[in-house]
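Down below is the structure, laid out as structure tokens.
The values are calculated or read from the model by the stated rules, or taken from the named source; none is laboratory data. Only a predicted model underlies this, so the values are computations on that prediction, with no experimental measurement involved. Positions of Cβ are backbone-derived with ideal geometry, glycine not excepted, and every protein chain shown enters the neighbour counts. Ligands, DNA and RNA are excluded from the accessible area calculation, which covers all protein heavy atoms including side chains. Shrake-Rupley method; radii C 1.70, N 1.55, O 1.52, S 1.80 Å.
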Amino acid sequence: MVMRMNAEKTSGVAVQDVAAPAEFALAQITDGEGYVGKVPGLSSVKNYFDKRRADGSVETKATYVVKLVMGYQLEYYISQLYSPKARCLTWTLDYDRKSDLHDSVGYWRVDALPEQPARCRVFYSSSSLVLGMPQFVMDLLTSQALKASTAWVKKHAELQYEPRRLTAERAAAASAAASSVSSGRGAAEAGAKGGRGG
């Protein structure tokens, strides 16, 4: 994983290679309510708005609750837009509601790797600002969250893809074995014919 943060530790970018095709990483990223139990500290995600647009993009709004150390808890409202064509999900706060975060913006993007169809590259960028919180809480929300962000996508995308990968490997091995047997039988038959011809 490659990670970069600004000096104030309020924003950063993480890049992670995943040993699974792009659709498996996207399935994890776009399942907001499924983040619970995967993203450290996230205790609740509940969608309250979901709309598919004419261009195929999907707009979703959800309430997030994050539990931090020493009893700190944050509740905030996220408005996100997923574009399947661009394999990109962007978000901001839902500014029509009152969040504990002063601001939060960011994006996920997943690039397919044509030369490695069973792998993809995940990009995550986030910038958040919380007013009135101790610095260690800010660090939890930014630097530590940035480290964990793409790691959970990698883990769960690869776990989801694993059965299909194993099935594909078994099928390829069986095909190779059958081809080898067929090739060996063909050579034996050719040898037998040659022997009779002599």
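What to note about this one:
- Of Lys51/Lys155; Lys51/Lys85; Lys38/Lys98; Lys38/Lys67; Lys46/Lys85; Lys61/Lys154, those spanning more than 20 Å from alpha-carbon to alpha-carbon: Lys51/Lys155; Lys38/Lys98; Lys46/Lys85; Lys61/Lys154
- Computed [θ] at 222 nm, helices only, for the chain once each DSSP H run of length n ≥ 4 contributes -39500 (n - 2.57): -12000 deg cm²/dmol
- For segment 62-106, the alpha carbon convex hull comes to 81 Å³ per residue, rounded to a whole number.
- Tilt relative to the chain, helix 145-197 - C-alpha long axis, 0 to 90 degrees, to 10: 10
- Rounded accessible area per residue of the chain, 1.4 Å, Å²: 57
- Of all accessible heavy-atom area on the chain, the percent that carbon and sulfur account for (1.4 Å): 54
- D_trans [Stokes-Einstein, Kirkwood Rh over alpha-carbon pairs] for the chain, 10 °C, 1.306 mPa s, µm² s⁻¹: 81
- 10 Å Cβ shell holding at most 13 others, DSSP loop, trypsin sites (Lys or Arg not before Pro): longest site-free stretch of the chain: 99-198
- Taking segment 16-88 and dividing mean pair separation by its residue count, relative contact order in percent (alpha carbons under 8 Å, at least six apart): 22
- Whole-number percent relative contact order across the chain, with pairs defined as alpha carbons under 8 Å at least 6 apart: 23
- Among the chymotrypsin sites (Phe, Trp or Tyr not before Pro) in segment 61-98, those located in a DSSP loop and surrounded by at most 11 other Cβ atoms within 10 Å of their own Cβ are Tyr95.
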